[in-house]
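Only one structure is covered here, and it is reproduced in the block below.
The values are calculated or read from the model by the stated rules, or taken from the named source; none is laboratory data. It should be emphasised that the depicted structure is a prediction, and the values quoted were computed from it without experimental measurement. For neighbour counting, all protein chains shown are included, and Cβ atoms are generated from backbone atoms with ideal geometry for every residue, glycine included. Note: accessible area is taken over every heavy atom of the protein model, side chains too, but ligands, DNA and RNA are not part of it. Shrake-Rupley method; radii C 1.70, N 1.55, O 1.52, S 1.80 Å.
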Amino acid sequence: MTQDELKVMVAKEALQYIPRQGILGVGSGSTVEKFIEQIKLNGVRVEAAVSSSERTTALLKAQGIRVLDPNTCEPYAVYIDGADEVNDRLQLIKGGGACLTREKILTSMAEKFICIVDRSKLVTTLGKFPLPVEVIPMGREQVARQLRRLGGEPVLRAGCITDNGCEILDVHGLRIEDPLTLEQQINAIPGVVTVGLFAHKGADLVLYATDEGVRHKERV
Ligand code: 5RP
């Protein structure tokens, strides 16, 4: 099966988790875009949504789904999003699409974070995928120095300005043995808006597509 077919498969599987009432949190990326397509193709009703990017908001609105400002919402039941890497403890690297800050906010508001990926995203140790860090532009070089001290090689993502008007440093060369500590250390650097490590609050359920079907892995 192609990676695209696997993404469609896992997107369909996720439809059953859409709450019948209330708000659905929707992330960003190509897998999530397949999920939004499947909502339409299968005629699934979504009462209202909160969205992690301008692009997702536009796609949801194009389907007639009401998109709310999270500032007007209470915490809600389910957030569905993809990931760039997933380890056995359901800790994640996210931010390949530069939407990590809004994704972390929506994750923190959700009772359950359901992560949808294809099998290529599963890893033993996080860090092969360069770790995205959203930074305030005037502090970029100072943040980069500190990231080098932590053992990584930050590279400015060319031509990328986030929906929050910030920049992304992609940190190469990390082998993340202790995601909880690294998330805290990077968050503490002045000028960092968000690090794309989702370790303190990772996924609650990961759906991953394989050639043999979709498998479920739940946080224990
Ligand atoms: C966007 C993300 C995406 O969830 C992540 O990059 C995975 O994307 P895709 O489904 O295209 O592989 O974190 O910021």
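Surface exposure of the chain, expressed per residue as accessible area with a 1.4 Å probe, stands at 47 Å².
Write out the GluC sites (Glu not before Pro) in the range 169-220 meeting two conditions: DSSP loop, and at most 13 other Cβ atoms within 10 Å of their Cβ. Each step should come with its number before you reach the end.
Numbers: sites: 177, 183, 212, 218; in loops: 177, 212.
Passing sites in the range 169-220 are 177, 212.
Pairs exceeding a 19 Å alpha-carbon distance, out of 40/201; 7/201; 12/217: 40/201; 7/201.
Grab the beta carbon distance between residue 48 and residue 112, set R0 = 25 Å, and tell me the FRET efficiency rounded to 0.05. Please list the in-between numbers first.
Details: r = 17 Å, r/R0 = 0.68.
After rounding to 0.05, the efficiency reads 0.90.
Report the one residue of 91, 48, 162 whose Cα lies farthest in the direction of the positive end of the charge dipole of the chain (charges on C-beta: Lys and Arg +1, Asp and Glu -1; origin at the Cα centre). Most positive-ward Cα: 48. Residues considered: 48, 62, 209. Largest GNM mean-square fluctuation over the chain, using C-alpha springs under 10 Å, is found at 62. In the chain, excluding the sites themselves, the longest stretch lacking any of the trypsin sites (Lys or Arg not before Pro) that are in a DSSP loop with at most 11 other Cβ atoms within 10 Å is 67-174. What residue among 122, 41, 106 shows peak mean-square fluctuation when the chain is described by a Gaussian network model with Cα springs under 10 Å? Per the Cα network of the chain with a 10 Å cutoff, 41 tops the list.
So how many Lys-Lys pairs in the range 58-184 land under 18 Å Cα to Cα, not counting same-chain pairs under 8 apart? Write out the running numbers ahead of the final one.
Details: 94/104; 94/112; 94/121; 94/128; 104/112.
Lysine pairs, 8 or more places apart or on different chains, close enough: 5.
The GluC sites (Glu not before Pro) of the range 1-90 meeting both criteria, a DSSP state outside H, G, I, E and B (loop) and at most 14 other C-beta atoms within 10 angstrom of the site's C-beta, are 47. Counting protein heavy atoms only, the range 40-172 has 51 percent of its accessible area on carbon and sulfur, 1.4 angstrom probe.
The GNM of the chain, with springs linking C-alpha atoms under 10 angstrom apart, assigns the highest mean-square fluctuation among 107, 56, 72 to 72. Taking the Cα centre of the chain as reference, the dipole from Cβ charges on Lys and Arg (+1) and Asp and Glu (-1) amounts to some 100 debye.
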